[in-house]
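Novice: Would you mind keeping the following structure in view while I ask a few things?
The values are calculated or read from the model by the stated rules, or taken from the named source; none is laboratory data. Since we're looking at a predicted model, the values are computed, not measured. Please note: Cβ atoms are built from the backbone with ideal geometry, for glycine as well, and neighbour counts cover all protein chains shown. To get the accessible areas, we keep the full protein, side chains included, count just its heavy atoms, and leave off ligands, DNA and RNA. Shrake-Rupley method; radii C 1.70, N 1.55, O 1.52, S 1.80 Å.
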Amino acid sequence: MEVDGGMNRSERGRGGCMQDIFWEKYGIDHRDGIVNRGELGRLRRCMERAAEGERLTIGFIGGSITQGSLASAPEKCYAYRVFEWWGETFPDASFTYVNAGVGGTTSQFGVARVQEDLLQYEPDFVIVEFSVNDEDEEHFAETYEGLVRRIYGSDSAPAVVLVHNVRYDTGINAENQHRKIGKAYKLPSVSMKPAIYAKVGEGKIAARDITPDDLHPNDEGHALVAGVIRGFLGDVYAECAGKRDLQEQGTGSGGLPEAVTPNAYEQSVRYQNDNCDAECFGFEKDAENGNGNFRKGWTADKINDRIVFNIKGTELAVQYRKSIHKPAPVVRVTVDGDEENAHILDGNFDEDWGDCLYIDTIAERLENKLHTIEITVVESKEAVVPFYLVSVIGSQ
């Protein structure tokens, strides 16, 4: 990775020229965004290893902002800019970049896919970002905790930093729920609400200068988000640079604490057409395996087409495509034959930005045993696309 030779080591550690964007143009102090310093032992150990020239894997998981939506190039998104901080700060080390951002998805899907999309690469450092995808309710505190526990307790014992993005028109996010988890697990947490959104509210930043839709940052908005995180990382590095006694700093190597929610989502399994034997009556496996997010699923487009799963878990969810190509079919879902509490899943999407990978929770707090899930097409008149069932998720 090319390193800017014009910056000395200490400047790179503090975030380098990105601080100009904050302090000179907008008057942002990245320290305002540090809402929980947490236990820094794992992060310091990563920096120690990087300073010694080791190879580290830098991972990110989140929604469309992490994926890089509305950045003009993948290298302009906040995640890649944070990844660059590691290379700039530790030029003798080597780094691998893993971006597991998926647009329009929540931590409920994150915990079900984290092994395949992120943990299999054995990351050493992970940023978790779902605060504008999750809603401010206890359900998402629970799914977020499951995701955090899966990552923090994984074999590579990564350093974890929580990042809270925000809507720039309303200030809405799920930070209240997510910060409870960060505090309980003593994880560093960085928020854009006090650091960037506050300046929008004060009129010091015009929202349209950093985001075209009040949610997804443009290149400059991504640079601001990255700069808050880079500033925090730089401060941590400045504090521990040259120190070798990690025992005095805390290693963060202890076991996981007791869960603070019912924690029914930590062990989530995603069932698709390559790892389960569903009974199909009109539903067909996607032989082409689609593309992007819509793959390894099943399709159906005729009334009374149905598919049946037998899945173990206490929490059950169905993941499917909501399409902007209307009309799309509608299905009914029952669990253990309970028609009275059946769920209707509408394949028609009420937005226009593109097809959505959607999750509906269909049952919670069940007995932990095999349950029968039956999905039946109930509306399909003049459908222009089939119903696409992406997966069924069982959690316990």
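Novice: Applying the selection to segment 277-316, what residues are in a loop (DSSP other than H, G, I, E, B), open to solvent by 30 Å² or more (accessible area, probe 1.4 Å) and in contact with a strand residue (DSSP E or B) (Cβ under 7 Å, 6 or more places away or on another chain)?
Specialist: To start, the set of residues in segment 277-316 that are in a loop (DSSP other than H, G, I, E, B) comprises 277-278, 283, 286-290, 292-293, 295-297, 301-305, 314.
After this cut, where a residue has to be open to solvent by 30 Å² or more (accessible area, probe 1.4 Å) as well, the list is 277, 287-290, 292-293, 295-296, 301-304.
ASN293, ASP301, LYS302, ILE303, ASN304, listed by residue number.
Novice: Mind checking which residues of segment 309-366 are closer than 23 Å to PRO262 by Cα, in contact with a Lys or Arg (Cβ under 8 Å, 6 or more places away or on another chain) and among the charged types (D, E, K, R)?
Specialist: Hits for segment 309-366 are LYS312, GLU315.
Novice: Ok, one more. Any residue that is assigned to a loop (DSSP other than H, G, I, E, B), within 17 Å of VAL269 (Cβ to Cβ) and either open to solvent by less than 10 Å² (accessible area, probe 1.4 Å) or not charged (D, E, K, R) (or both) - is there at least one of those in segment 339-362?
Specialist: For segment 339-362, residues assigned to a loop (DSSP other than H, G, I, E, B), within 17 Å of VAL269 (Cβ to Cβ) and either open to solvent by less than 10 Å² (accessible area, probe 1.4 Å) or not charged (D, E, K, R) (or both): absent.
Novice: Also, quick follow-up: Can you work out which of the residues in segment 85-122 that are assigned to a helix (DSSP H, G or I) and touching a Phe, Trp or Tyr at 6+ places or on another chain (Cβ under 9 Å) is farthest from ILE151 (Cα to Cα)?
Specialist: Top of the filtered list is THR89.
Novice: In segment 109-128, is there at least one residue being among the hydrophobic types (A, V, I, L, M, F, W, C), open to solvent by 20 Å² or more (accessible area, probe 1.4 Å) and within 30 Å of ALA207 (Cα to Cα)?
Specialist: The answer is no; no qualifying residue exists.
Residues are listed down the side, and each one gets a yes or a no for (1) part of a helix (DSSP H, G or I); (2) under 30 Å from LEU56 (Cα atoms):
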{"site": "SER131", "(1), (2)": "no, yes"}
{"site": "VAL148", "(1), (2)": "yes, yes"}
{"site": "ILE151", "(1), (2)": "yes, yes"}
{"site": "TYR168", "(1), (2)": "no, no"}
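Novice: Please work out if TYR320 is part of a strand (DSSP E or B) and closer than 21 Å to GLY282 by Cβ.
Specialist: yes
Novice: Moving to a separate point now. Write out, first by first residue and then by second, each pair whose Cβ atoms fall under 6 Å of each other, whose residues are 6+ apart or on separate chains, and whose first residue, in segment 141-168, is under 15 Å from PRO123 (Cβ atoms) and small (Gly, Ala, Ser) while the second is part of a strand (DSSP E or B) and at pLDDT 95 or above.
Specialist: Hits for this filter: ALA159/PHE125.
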